[in-house]
Protein chains: 2
Amino acid sequence: MVETGVESEQNQRVFRDKLVNAGHLIPSGVKGVYGLGGAFESVVQHLDLFVTKVGADQNAEVIRFPSILSRAAYERTDHLETMPHLLGSIHSFAGAEPEYLELVRMHEAHEDWSRSFVRTDVVLAPAVCYPLYPTASGTLPPGGRIVDLMAFAFRHEPSDDPARMQMFRQREYVRLGTQQQALAHRDEWLTRAEKLLVSVGLDVTRVVANDPFFGRGGRVMKATQREQELKYELVVPITSREKPTAVASCNYHVDHFGVAFDIRTADGEVAHTACVGFGYERIALALFNTHGMDPDLWPQDIKRVLELS
Amino acid sequence: MVETGVESEQNQRVFRDKLVNAGHLIPSGVKGVYGLGGAFESVVQHLDLFVTKVGADQNAEVIRFPSILSRAAYERTDHLETMPHLLGSIHSFAGAEPEYLELVRMHEAHEDWSRSFVRTDVVLAPAVCYPLYPTASGTLPPGGRIVDLMAFAFRHEPSDDPARMQMFRQREYVRLGTQQQALAHRDEWLTRAEKLLVSVGLDVTRVVANDPFFGRGGRVMKATQREQELKYELVVPITSREKPTAVASCNYHVDHFGVAFDIRTADGEVAHTACVGFGYERIALALFNTHGMDPDLWPQDIKRVLELS
């Protein structure tokens, strides 16, 4: 039986209401923005420790960026050309007393005071590895680098689907090195991430995927990305069997970031990069959907893997 | 000997360079925005666990909000009137194909494409308790609530001072209840936070403080806030003995948020609120400044308290 779009949206709202009733999601009044309850957060924390264990042999450099990125660095990527609809640009008040008085007047008159704000030097990171590449400009050490990242990313895509939050955590292992190193990292982590998700009882499928490129030109880019198999997603049915949700992705960026930020291998070649990204909130949602709303009642073997008891 | 402003700024840059050389801060090219190295992040994580231990008897509800807040809820606070210069407003692209082509043209011509972005339904949270109050509208349970929060807050105040980051973590325990409950919480945590900071070897002083209110009107508000002793800060010398840095604050909001969001006690009175906030990056910086750049070489008793070894 084929689901209709209406059924799928209904499923999303039913699942969201279940999560809200269980105290896992606290609605904020804005679509896709929630507080996370203690039990939900605990699952995320245990998941984080589990991923660390699975990635321990990588001896990755740990770096934690905040969720913002230099605007100048952002402009050196092609994100504004390819996915402008998802970007969060940060704007601030830069006026003195007269502009301040006008701001207060606008606010009191319920006018759009945000028009008087101007761009800052930062934008919200659309993916947690974006802040890394500009800091890697120059020559990599011999053997390249493996970097361990975790942060909230922001994407402006308000939705009733609890699995499509506007700000959500990604854990990434990023490889910077030769083409061979980048591809090996991507392929190794595709297998590793799949095993990890299976070991917590998720019904995971590996699919070739594409980024949500904007508009007419985007259609061609999506097709090319799929044809070259640059992006794989690990998908799990959450609110739909027909359209399962991506909970992790493994991406080979070719020399995209290497060119943008002049990152070079020890041999002087333009670096290639790849990353695996785990979507923590989505994996937690998949766990709640699969094993039930109360983690205390999850199967013993799942709790053991996540060290939940 | 009295420090000059120039000396103080020099100290900030010297300290920042030490942190960068030790791999604790990774510059992003934007003032006050850094990646945090693994050893720095580990100190923050251990600090977080230590605060949890110190606060365990509070039986607080754990909620984790992302760093964004409903714009409509934000507008119900007086933050735009009092500290507009610190706010980060999130703007996005909302156009179709023609606007997209114009956006790409502006980007290529190095024009300010951000002017074509429009406000979204969210702003960045200026403090991690801001997203909580709108969700607490209505009647509190008997005895009120104690809520445990942790997130990154954003403040637009680019600075060379490593202790003044644009996005940084706050851990808060927030009390919602009667005036008596709110005041007792604030006072209890003032003592508790002071002890916590002393136990990790910091040279901490308790001071009456004020928020950085904007402009001419702000001067009056600062004086009133001090006079009423609504805000205490725990300060530690980091790059200056004359101007020590606030690493934690204990705030009594009177019925400010209770009125704004119609939060009521079980008796139907307007709720009073109070919070303690720990600035994790600042405490970590104070620890590095006090005990040295290598946590392995910190005094044994400090490492024991933080369970660092």
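Which of rounded, prolate, oblate describes the range A:44-173, given a ≥ b ≥ c as roots of the alpha-carbon gyration tensor eigenvalues and a/c under 1.5 marking rounded, otherwise prolate only if a/b is larger than b/c?
Details: a/c = 2.70, a/b = 1.83, b/c = 1.47.
Verdict is prolate for the range A:44-173.
Mean projection of the alpha-carbon convex hull of the range A:191-309 over all orientations, in nm²? Mind showing how you got there, number by number?
Values: hull surface 39.5 nm².
Average of the hull's projected areas for the range A:191-309 equals 9.9 nm².
I'm checking a number: the convex hull volume of the Cα atoms of the range A:213-264, normalised per residue, in Å³. What is it? Don't skip to the end; give the middle numbers.
Numbers: hull volume 6.2 nm³, N = 52.
Taking only Cα atoms, the range A:213-264 has a hull volume of 119 Å³ per residue.
Quick one: give the max-minus-min coordinate of the C-alpha atoms of the protein assembly as shown along each principal axis, largest first, in Å.
68, 56, 54
Take the Cα pairs of the range B:39-82, get the Kirkwood Rh, then feed it into Stokes-Einstein at 20 °C and 1.002 mPa s and tell me D in µm²/s. Mind showing how you got there, number by number?
Working: Rh = 13.6 Å.
After rounding, the answer is 157 µm²/s.
What are the membrane-span-like helices in chain B by this rule: whole DSSP H runs, Cα extent along the axis at least 20 Å, mean Kyte-Doolittle hydropathy at least -1.0? If you can, show how the numbers build up before the last one.
Numbers: long enough: B:5-21 (24 Å, -1.14); B:38-54 (24 Å, 0.72); B:179-199 (30 Å, -0.70).
Both cut-offs are met by B:38-54, B:179-199.
Ranked highest first by the average count of other Cβ atoms within 10 Å around their residues, in what order do A:125-133, A:20-28 fall?
Details: A:125-133: 24.2, A:20-28: 18.3.
Top of the packing list down: A:125-133, A:20-28.
Given a 10 angstrom Cα cut-off, can you work out which residue in A:Thr120, A:Thr139, A:Thr245 is the most mobile in a GNM of chain A?
It is A:Thr120.
Any idea which of B:Gln10, B:Val276, A:Phe213 is furthest toward the positive side of the dipole for the protein assembly as shown, if Lys and Arg beta-carbons carry +1 and Asp and Glu beta-carbons -1?
Farthest towards the positive pole: B:Val276.
Stretch A:Asp301-A:Lys31 to full length: gain in nm at 0.36 nm per residue minus the Cα-Cα span?
On the way: separation 270, 0.36 × 270 = 97.20 nm, distance 3.47 nm.
Result for the pair: 93.7 nm of gain on full extension.
Under a GNM of chain B (C-alpha, springs under 10 Å), which listed residue has the highest mean-square fluctuation: B:Met83, B:Met150, B:Met167?
Answer for the Gaussian network model of chain B: B:Met83.
If the viscosity is 1.567 mPa s and the temperature 4 °C, what translational diffusion coefficient in µm²/s does Stokes-Einstein give for the range A:2-113 when Rh comes from Kirkwood over Cα pairs? Walk me through the numbers before you get to the answer.
Working: Rh = 19.6 Å.
For the chosen part, D equals 66 µm²/s.
Efficiency by 1/(1 + (r/R0)^6): what FRET value for B:Val14 and A:Asp294, r their Cβ-Cβ distance, R0 = 51 Å, to the nearest 0.05? Display every interim value, and only then the final one.
Values: r = 53 Å, r/R0 = 1.04.
Computed FRET efficiency for B:Val14 and A:Asp294: 0.45.
Please give the contour-minus-distance gain from A:Lys195 to A:Thr224: 0.36 nm per residue of separation, less the Cα-Cα distance, rounded to one decimal in nm.
Working: separation 29, 0.36 × 29 = 10.44 nm, distance 2.81 nm.
Fully extending the segment from A:Lys195 to A:Thr224 adds 7.6 nm.
How big is the Cα convex hull of chain A in projection, averaged over all directions, in nm²?
Working: hull surface 75.4 nm².
Computed as one quarter of the Cα hull surface, the answer is 18.8 nm².
If you take the Cα Rg of the range A:143-257 and divide it by 2.2 N^0.38 Å, with N the number of residues, what do you get?
Values: Rg = 15.0 Å, N = 115, 2.2 N^0.38 = 13.4 Å.
Ratio of Rg to 2.2 N^0.38 Å for the range A:143-257: 1.12.
Compute the Cα gyration tensor for the range A:149-204, then decide on rounded, prolate or oblate, letting a ≥ b ≥ c be the square roots of its eigenvalues: rounded whenever a/c is under 1.5, prolate when a/b is larger than b/c in the other cases, and oblate in all that remain. It would help to have the intermediate numbers written out before the result.
On the way: a/c = 2.83, a/b = 1.43, b/c = 1.99.
Oblate is the answer for the range A:149-204, as a/c is 1.5 or above yet b/c matches or exceeds a/b.
Could you identify which residue out of B:Glu111, B:Glu281, B:Glu194 has the top mean-square fluctuation in a GNM of chain B using Cα springs shorter than 10 Å?
Residue with maximal mean-square fluctuation among B:Glu111, B:Glu281, B:Glu194: B:Glu111.
Once each part is reduced to its C-alpha centroid, what is the distance from the range B:191-215 to the range A:69-98 in angstrom?
If you average the Cα positions of each part, the centres end up 34 Å apart.
Roughly how many debye, to the nearest 20, is the charge dipole of the protein assembly as shown about its Cα centre, given +1 on each Lys and Arg Cβ, -1 on each Asp and Glu Cβ, and no other charges?
On the way: 64 positive and 82 negative charges, 86 e Å.
In debye, rounded to 20, the protein assembly as shown gives about 420.
For a quick check of understanding: with a 1.4 angstrom probe and all protein chains in place, what accessible area in square angstrom does B:Glu9 have, to the nearest ten?
100
The values are calculated or read from the model by the stated rules, or taken from the named source; none is laboratory data. As the structure is a computational prediction, the values presented were derived from the model and not from experiment. Positions of Cβ are backbone-derived with ideal geometry, glycine not excepted, and every protein chain shown enters the neighbour counts. For accessibility, only protein heavy atoms count, side chains too; no ligands or nucleic acids. Shrake-Rupley method; radii C 1.70, N 1.55, O 1.52, S 1.80 Å.
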